[in-house]
Amino acid sequence: MADDVTSPTGESTSSATLTAAGGAGRATARPARPAANERGGRRTDRRMWLEIAVFVTPALAIFAAFVVWPIVKAVQFSLYRWKGYGPLVDFVGLENYTKVLRNEVFQDAVVHNLVIVVLSVAVQLPLGLAVALLLNRRMRFQGLMRTIVFVPYVLAEVIAGVVWAQLLQPKYGIVDSLLTAIGITPPAQGFLGTPEYALMTVLVVLTWKYLGLAVILLLAGLQSVPDELYEAAQLDGATWWQTQRRITVPLLGPTIRMWIFLSMVGSLQLFDMVWILTRGGPANATMTMATFLINEGTKRSNYGIASAASVVLFVIALVVALLYQRLVLARDTAETAVARPRRRTR
Amino acid sequence: MTKWTGLRAVAATLGVLTLAACSGGTGGDPTTTPGATTAPGEKVTITWWHNSNNDPGKSYYEKVADDFEKANPGLTIEVSAFQHEDMLTKLDAAFQSGDAPDIYMERGGGELADHVEAGLTKDLTALVPDTITKLGGSTAGWQVDGKTYALPFSVGVVGFWYNTAKFAEAGVEAPATLDELIATTGTLKGKGIEPISVGAGDKWPAAHYWYYFALRQCSQSVLSSAVTSLDFSDPCFVRAGESLQQLIAAEPFNSGFLATKAQSGATSASGLLATGKVAMQLQGHWEPGVMQGLTEDKKGLGENTGWFPFPSVTGGEGDPAAALGGGDAWGVSADAPDIAVKFAEYLLSDDVQKGFAENDMGLPTNPAASGSVKDPALATLLKVRDEAPYVQLYFDTAFGSSVGGAMNDAIALMFAGKATPQDIVDATQAAADEEK
């Protein structure tokens, strides 16, 4: 019990409450503890709650001020026709939501987001896995190679976007010059200016930018695969390829599932890279839900519609996140929940 | 000491106002700031935001503020010079929080109408009648229901800026009609010169083409009634789109124009013109200054800078001499002290406007300053502006950001070959119907 008090985390709270509730059961299970301790237990109980309150209140206050309150305000704004200033008077109910959901540009934006979600995982996962497996082998300049792969992820998104916009500049950019040099004619409008290529071009840049995260997470996951398994496999005469397929990849499961989760949420909320490269254009070809709502809000001053779009984006992201947690991550989190108390009793 | 307490009181009140505005979510509650009365000698602080963040404009405005402070003992003017886009963003935020600067830049049209409706800006009609009379027709863009809410200090017109050397190289003259323009671009392309750059990635530079075609196709009465009635059913608006399609079909624009930015960086539309990569660009009166900033020698096109008005269109009902333009005016926020109005008036005085013109900061609206413009290109523009039968305010500004934004988006779609002339009218009308 003393252990529980010293670590004011969520887990200890629950186990502590359990102890308090089933006090009698505990008492019989641990006869060494005299009854006098029961009173002392209640005192520590109160102290523990006080500690929890002291430690948690600032976090809760910040959470309420910067997460809950903005969400509440966004929902409120979404029910009004509002230009961004002046009092909220023009109540329109759910009209902004029907407008957003019926808007073809928004529908396209949702499709673009889903394309980015799917293709990000489909492209970055195999690529990231391959690079991680390669970089996990003993080789010269291993540290340098890892750094090179990880650098794009560390680079600020805005800087990376500006650099890529320059590289992809039609006619005068490096990409077009190189293609012309090897005899390929680049598209007349450039890769970012041609509606048919723009989204795929943005995806290429995103892959370059975020591959490093996948690789570094997978490399970390690889460290947790016990060497004994590899040794056993080696003894059994497994080839390198078999070892990777039968041992490494399955054991990386939790890491991969967690990375997919991060990638999905990021793709749904994608804004900065698109805004810098294309502003959602050309001809709305790269419009995402986030660029749509910025365009409606700050560019057109339709803050009601922008708020409705932001609530829709929030709901979509929340549903996807919850479903994924329930259906895919549940097993992983259950495993860790079991694993933790075991470690503590030791 | 007294100054400090005064400042602190202002700061505290502003802070409270901001908090109140945030928590209420409503903004615009006109609460009086301390020192709103202007007995002589009393300590007053006013705030002034402008976008002349480069010299000579920046130091000139500092001097103007100093002079006015000296003439009004006890007055402190807090001057903030912003980069233009930064200022617009900060102004929006300031209006939303109800903490707007006392004197700020107002662009007129629908934007101003929104500010007026929300009670954010002061009616200057009865406060500075002499200045309003002096400025004459220029104030039209800053009037709502016959009342003047801001004093325009620079009004310019949009036209083609071109590289005279490139034109000479191709042996072409400045075109006067749409057909001639298309022929000119053909000749330029034949010489291996990209004819026109347009920052369609930012949408508004592309939209200027449609605006100008509407100006050529529609009579003044149709346009002025459209601004108030928000009715775009006149067939001339569709014809404007058809003229634009005709120009786009000739493929005169720089490669990658759909993703080209307006005026940021060497590969923006202005950068391409400034560095001699294209022959011309349709742009506002600020273009020479922008181009100077985009070249290493800070000269832009230098002596190769040329300007010609937007060409006429055969069969159009509009006046071929009518110009598309717009400008900047000094607005005074609703709760600003009286001295702020006096300062705005001072900014439009003969002396300040003359200095403004001498520093090539824009196209002065005070007739007394007309002769003081030094830059030959700006002097040409001033002549065009003053001789134009009327200057139509940029449609996106005139109609406000909601209708204007829908309009610009649809026009940008036409540049990408994804919208018909009717689509532009429909999208504009749909957004306009929301406003009614």
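The values are calculated or read from the model by the stated rules, or taken from the named source; none is laboratory data. Since we're looking at a predicted model, the values are computed, not measured. Ideal geometry is used to build each Cβ from the backbone, glycine not excepted, and the neighbour counts take in all protein chains shown.
Can you report the number of residues in the stretch A:53-98 which are assigned to a strand (DSSP E or B) and farther than 26 Å from B:LEU91 by Cβ?
From the stretch A:53-98, those assigned to a strand (DSSP E or B) are A:80-81, A:90-91; that's our starting set.
Next cut, farther than 26 Å from B:LEU91 by Cβ only: A:91.
Selection size over the stretch A:53-98: 1.
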Discussion item. Would you confirm whether or not the stretch B:91-108 contains a residue that is in contact with a helix residue (DSSP H, G or I) (Cβ under 9 Å, 6 or more places away or on another chain), free of Cβ contacts under 8 Å to residues at least 60 places away in the same chain, of a type in the set (S, T, N, Q) and surrounded by fewer than 22 Cβ atoms within 10 Å (Cβ to Cβ)?
Written reply: no
Worksheet entry | Candidates A:LEU101, A:LEU119 - the one that is assigned to a helix (DSSP H, G or I), surrounded by fewer than 16 Cβ atoms within 10 Å (Cβ to Cβ) and touching a residue at least 12 places away in the same chain (Cβ under 8 Å) | A:LEU101
Response to the item:
Subset of the stretch A:288-307, residues modelled with pLDDT of 95 or more and not in a helix (DSSP H, G or I), comes to A:THR288
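Among the listed residues B:ALA357, B:ALA398, identify the single one that is away from chain A (no Cβ under 13 Å), under 25 Å from A:LYS299 (Cβ atoms) and of a type in the set (Gly, Ala, Ser).
Working: B:ALA357 fails: under 25 Å from A:LYS299 (Cβ atoms).
The conditions single out B:ALA398.
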Discussion item. Any residue at all in the stretch B:237-244 that's surrounded by fewer than 19 Cβ atoms within 10 Å (Cβ to Cβ) and assigned to a loop (DSSP other than H, G, I, E, B)?
Written reply: no
Worksheet item: Does B:ALA431 meet the test of being more than 13 Å from B:ALA207 (Cβ to Cβ), of a type in the set (A, V, I, L, M), within 12 Å of chain A (Cβ to nearest Cβ) and assigned to a helix (DSSP H, G or I)?
Response: yes
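Residues are listed down the side, and each one gets a yes or a no for (1) touching a helix residue (DSSP H, G or I) at 6+ places or on another chain (Cβ under 7 Å); (2) at pLDDT below 95:
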{"site": "A:VAL54", "(1), (2)": "no, yes"}
{"site": "A:ALA74", "(1), (2)": "yes, yes"}
{"site": "A:ARG81", "(1), (2)": "yes, yes"}
{"site": "A:GLY84", "(1), (2)": "yes, yes"}
{"site": "A:VAL89", "(1), (2)": "no, yes"}
{"site": "A:HIS112", "(1), (2)": "yes, no"}
{"site": "A:LEU119", "(1), (2)": "yes, no"}
Item to complete: All but one of (1) surrounded by 21 or more Cβ atoms within 10 Å (Cβ to Cβ); (2) away from chain A (no Cβ under 13 Å); (3) touching a residue at least 40 places away in the same chain (Cβ under 8 Å) hold for B:TYR61, so report the exception by its number.
Response: (3)
Response to the item:
In the stretch A:268-287, anything assigned to a helix (DSSP H, G or I) and either surrounded by fewer than 23 Cβ atoms within 10 Å (Cβ to Cβ) or at pLDDT below 90 (or both) is listed as A:LEU268, A:ASP272, A:MET273, A:TRP275, A:ILE276
Item to complete: Quick one: count up the residues across the stretch A:77-89 that are within 12 Å of chain B (Cβ to nearest Cβ), in contact (Cβ under 8 Å) with a residue 60 or more places away in the chain and not hydrophobic (A, V, I, L, M, F, W, C).
Response: 4
Worksheet item: Looking at (1) touching a Ser or Thr at 6+ places or on another chain (Cβ under 7 Å); (2) away from every other protein chain (no Cβ under 14 Å); (3) at pLDDT 90 or above, which is the only condition B:MET407 fails?
Response: (2)
Worksheet item: Which of the residues that make up the stretch B:109-135 are assigned to a helix (DSSP H, G or I) and in contact (Cβ under 8 Å) with a residue 12 or more places away in the chain?
Response: B:GLY109, B:GLY110, B:GLU111, B:LEU112, B:ALA113, B:ASP114, B:HIS115, B:VAL116, B:THR131, B:ILE132, B:LYS134, B:LEU135
Worksheet item: Would you pick out the residues in the stretch B:341-367 that are hydrophobic (A, V, I, L, M, F, W, C) and touching a Ser or Thr at 6+ places or on another chain (Cβ under 9 Å)?
Response: B:ALA344, B:LEU348, B:PHE356, B:ALA357, B:MET361, B:LEU363
Item to complete: Sort out which residues of the stretch B:155-202 are surrounded by fewer than 20 Cβ atoms within 10 Å (Cβ to Cβ) and polar (S, T, N, Q), and write them in order of number.
Response: B:THR164, B:THR177, B:THR187
